[in-house]
Amino acid sequence: MNPKGTSRGTPGAATDPGVLAAATRAAELVTDGALVGLGSGRAASAFIAAIGARARRGLKVSGVPTSEASERLARSYGIPLIEITEETLLDLTVDGADEVSPNLDLIKGRGAAFVRERIVAAASRRQVILVSPEKLVPVLCAKEGFPVEVIPLAAGLAIRRMKALGLTPVERRDPAAGGPLISVNGNLIFDCACARPLSEPALARTLETAVCRIPGVVDTGLFLGTAERVLVGHADGRVEVLKRSELP
């Protein structure tokens with residue numbers, strides 16, 4: 001797997017017209033006074049820029065960033081940032097994804113912020129995903145696998161157990177540091193190729209459960225059943241809306 005981004009999130013905003021159109025559509029879902037989860041990566045950055053522009057025109061909105069890059073971008077637009085407390089319920093989280101299956105299951109985390117993205121999405125009423133058409137796949141993990149974040153002490157055990165599940169874990173490296181990439185949470189990330197594509201939703205769920213049961217595993221990049229809708233931005237500016245409630 002070719003890692004995209006670092007443990008701090010992918011900086012910069014998207015320039016693809018389809019992603020920009022999807023980000024603009026997602027920004028229209030944000031109402032005055034909303035509490036919003038701010039995802040990581042280029043699609044999420046385009047969304048932050050879109051609501052930031054609205055905030056400068058008077059929209060009242062507060063956000064919870066999932067990465068340092070998202071935090072910096074939100075602050076640059078003057079978006080107030082809050083923490084997730086016991087009472088916090090976010091109205092929605094807007095984020096990107098690396099793969100989207102026909103039932104809207106996702107693979108996330110090739111930019112390494114997936115643990116925080118999971119937490120913020122779980123603290124939200126709904127998760128909205130922004131992608132370009134090439135992120136839509138017939139089955140998950142047909143070309144690339146999914147990431148797993150592991151506490152360093154458990155690395156050896158986790159590798160052995162993941163291999164026993166038919167995975168091929170490869171420690172993600174940090175080219176700049178010349179060593180393992182350390183997540184913002186202080187952990188290691190392993191990119192795990194699957195022996196075969198996850199052709200059935202039940203297969204993906206069984207595998208996710210088994211990996212998460214390994215001592216020392218913090219989370220995986222398998223986001224199964226989390227997306228309420230996916231906005232697919234096309235190059236001509238058209239935005240296709242896929243909703244979980246409309247799936248057969």
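The values are calculated or read from the model by the stated rules, or taken from the named source; none is laboratory data. Just so we're clear, the structure is a prediction, and the values are computed from it rather than from any experiment. Cβ: placed from backbone, ideal geometry, glycine included. Neighbour counts: every protein chain shown.
Got at least one residue in the range 91-105 being more than 27 Å from PRO197 (Cα to Cα), under 20 Å from the mean Cα position of the chain (by Cα) and not in a strand (DSSP E or B)?
yes
Quickly run through the range 142-164 and pick out the residues that are crowded, with 16+ Cβ neighbours inside 10 Å and without any contact (Cβ under 8 Å) to a residue 60 or more places away in the chain.
Residues satisfying the conditions are ALA158, ILE159, ARG161, MET162.
Does the range 121-134 include one or more residues that are hydroxyl-bearing (Ser, Thr, Tyr), closer than 15 Å to GLY41 by Cα, touching a Ser or Thr at 6+ places or on another chain (Cβ under 6 Å) and modelled with pLDDT of 95 or more? Break it down into steps so the answer makes sense when it comes.
Going through the range 121-134, the residues hydroxyl-bearing (Ser, Thr, Tyr) turn out to be 124, 132.
Filter again for closer than 15 Å to GLY41 by Cα, leaving 132.
Then drop every residue that is not touching a Ser or Thr at 6+ places or on another chain (Cβ under 6 Å), which leaves none.
There is no residue in the range 121-134 that is hydroxyl-bearing (Ser, Thr, Tyr), closer than 15 Å to GLY41 by Cα, touching a Ser or Thr at 6+ places or on another chain (Cβ under 6 Å) and modelled with pLDDT of 95 or more.
Please work out if VAL184 is within 18 Å of the chain's Cα centre (by Cα), surrounded by 15 or more Cβ atoms within 10 Å (Cβ to Cβ), in contact (Cβ under 8 Å) with a residue 24 or more places away in the chain and outside any loop (DSSP other than H, G, I, E, B). Write out each step before concluding.
Working: within 18 Å of the chain's Cα centre (by Cα): yes; surrounded by 15 or more Cβ atoms within 10 Å (Cβ to Cβ): yes; in contact (Cβ under 8 Å) with a residue 24 or more places away in the chain: yes; outside any loop (DSSP other than H, G, I, E, B): no.
Criteria not met by VAL184.
Looking at the range 73-93 only, could you name the residues that are in contact (Cβ under 8 Å) with a residue 24 or more places away in the chain and either farther than 13 Å from VAL120 by Cβ or surrounded by fewer than 22 Cβ atoms within 10 Å (Cβ to Cβ) (or both)? Walk me through it before giving the result.
First, pick out the residues of the range 73-93 that are in contact (Cβ under 8 Å) with a residue 24 or more places away in the chain: 73-74, 76-79, 82, 84, 88-93.
Listed by number, the residues that qualify are LEU73, SER76, TYR77, GLY78, ILE79, ILE82, ILE84, THR88, LEU89, ASP91, LEU92.
Quick one: in the range 41-68, which of the residues that are among the small types (Gly, Ala, Ser), free of Cβ contacts under 8 Å to residues at least 40 places away in the same chain and part of a helix (DSSP H, G or I) is nearest to LYS135 (Cα to Cα)?
The qualifying residue nearest to LYS135 (Cα to Cα) is SER45.
Results for (1) among the small types (Gly, Ala, Ser); (2) assigned by TED's automatic domain parsing to the domain that holds GLY109; (3) in contact with a Cys (Cβ under 8 Å, 6 or more places away or on another chain), shown as yes or no for each residue.
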| site | (1), (2), (3) |
| --- | --- |
| ALA158 | yes, no, no |
| GLY166 | yes, no, yes |
| ARG173 | no, no, no |
| ALA176 | yes, no, no |
| VAL184 | no, no, no |
| LEU188 | no, no, no |
| ASP191 | no, no, no |
| GLU208 | no, no, no |
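Please work out if LEU130 is assigned to a loop (DSSP other than H, G, I, E, B), of a type outside the set (Asp, Glu) and within 21 Å of LEU20 (Cα to Cα).
no
Checking LYS143 against (1) in a helix (DSSP H, G or I); (2) more than 9 Å from the chain's Cα centre (by Cα): exactly one of these is not met. Which one?
Every condition holds for LYS143 apart from (1).
Quick check on this structure: which one of LEU35, LEU59 is aliphatic (A, V, I, L, M), in contact with a Leu (Cβ under 6 Å, 6 or more places away or on another chain) and on the phi < 0 side of the Ramachandran plot?
Going through LEU35, LEU59 in turn, the sole match is LEU35.
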